[in-house]
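The values are calculated or read from the model by the stated rules, or taken from the named source; none is laboratory data. Please read all numbers here as calculations on a predicted model, not as lab measurements. As a convention, Cβ positions derive from the backbone with ideal geometry for all residues, glycine included, and neighbour counts pool all protein chains shown.
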Amino acid sequence: MAPILSSAVRAVTRLLLVLPLALLVCFAGPASAARWDAATLTVPAGQAGTSVTFSEKEVKTGRKLFNESCGSCHAGGITKTNQNVGLDPETLALATPPRDTVDALVDFMKDPTSYDGEYSIADVHPSLRSSDVFVKMRDLDDEDLRLIAGYILVAPKVQGIQWGGGKIYF
C-alpha cells in the first residue's frame, strides 16, 4: 500500500510544479510579443518632426552596444553619478538642447554637454570626442551611435516607468 501512496504523492507534486510553469508559458507569450509593434519601434528622428522605425534586430543590437558602452553608469536608464538626470523621455526632453530624438542623442554621444547645455562634459563623460580617455567609445561609429540612441528611446516604451526610474525600481 505504501508504494501506491508514494507514487500518488509524486504525481501530485509534479503536477503542482508543472502547472504554474505551463500557465506562465500559455499566458505570458502573447503579451511580450505585442510590445514589438511598429508604434513601439517608432521614435523621433530629429527636431523637424520626422520619425524613424527601428527593427527589432536593430533595437537588440542597440541594447547590446548600450550595455557594453553605457551600461556601467546608465543601467536601466538611470544615471548612477546623478540620480536627478535619467534617460527617461521626460528628462531627455527637458535638457538644453532637448535630447529626446535620435539625432540629438547621437550628437550628445559625440560631444556631450551639461544638462543645461552651458558647458562641455566630454572630459568626464564618455564620448567620441574623448575616446582617447574612454576606450569603450573608440570602436563605435555613427551607425552604432544611432542604434544606441534608438534603444534609449524605445526602452521606455517597452519597460515603462521602470526605464530611468532609478532606485525606486532597482
Consider segment 74-93. How many of its residues are in a helix (DSSP H, G or I) and under 16 Å from residue 165 (Cβ atoms)? 8
Within segment 42-58, can you find the residues that are touching a residue at least 12 places away in the same chain (Cβ under 8 Å) and more than 24 Å from residue 94 (Cβ to Cβ)? 53, 55, 56, 58
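State the number of residues belonging to segment 97-149 that are β-branched (Val, Ile, Thr) and either touching a Ser or Thr at 6+ places or on another chain (Cβ under 6 Å) or without any contact (Cβ under 8 Å) to a residue 24 or more places away in the chain (or both). Outline the logic, then answer.
Of the residues in segment 97-149, the ones β-branched (Val, Ile, Thr) are 101-102, 106, 113, 121, 124, 133, 135, 148.
Checking the rest, the ones that are also either touching a Ser or Thr at 6+ places or on another chain (Cβ under 6 Å) or without any contact (Cβ under 8 Å) to a residue 24 or more places away in the chain (or both) come to 113, 121, 124, 133, 135.
The total comes to 5.
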Does residue 118 satisfy the condition of being assigned to a helix (DSSP H, G or I), modelled with pLDDT of 95 or more, exposed (fewer than 13 other Cβ atoms within 10 Å of the Cβ) and in the same structural domain as residue 61 (by TED's automatic domain parsing)? no
Residue list for segment 48-70, restricted to those being within 21 Å of residue 128 (Cβ to Cβ) and surrounded by fewer than 18 Cβ atoms within 10 Å (Cβ to Cβ): 64, 67, 68
Boolean, residue 60 is charged (D, E, K, R) and more than 12 Å from the chain's Cα centre (by Cα): no
Report whether or not residue 111 is out of contact with any strand residue (DSSP E or B) (no Cβ under 8 Å at 6 or more places or on another chain) and closer than 25 Å to residue 45 by Cβ. no
Starting from residues that are more than 16 Å from residue 95 (Cβ to Cβ) and within 12 Å of the chain's Cα centre (by Cα), keep the ones in segment 71-85 and report whichever is surrounded by the most Cβ atoms within 10 Å (Cβ to Cβ). 76
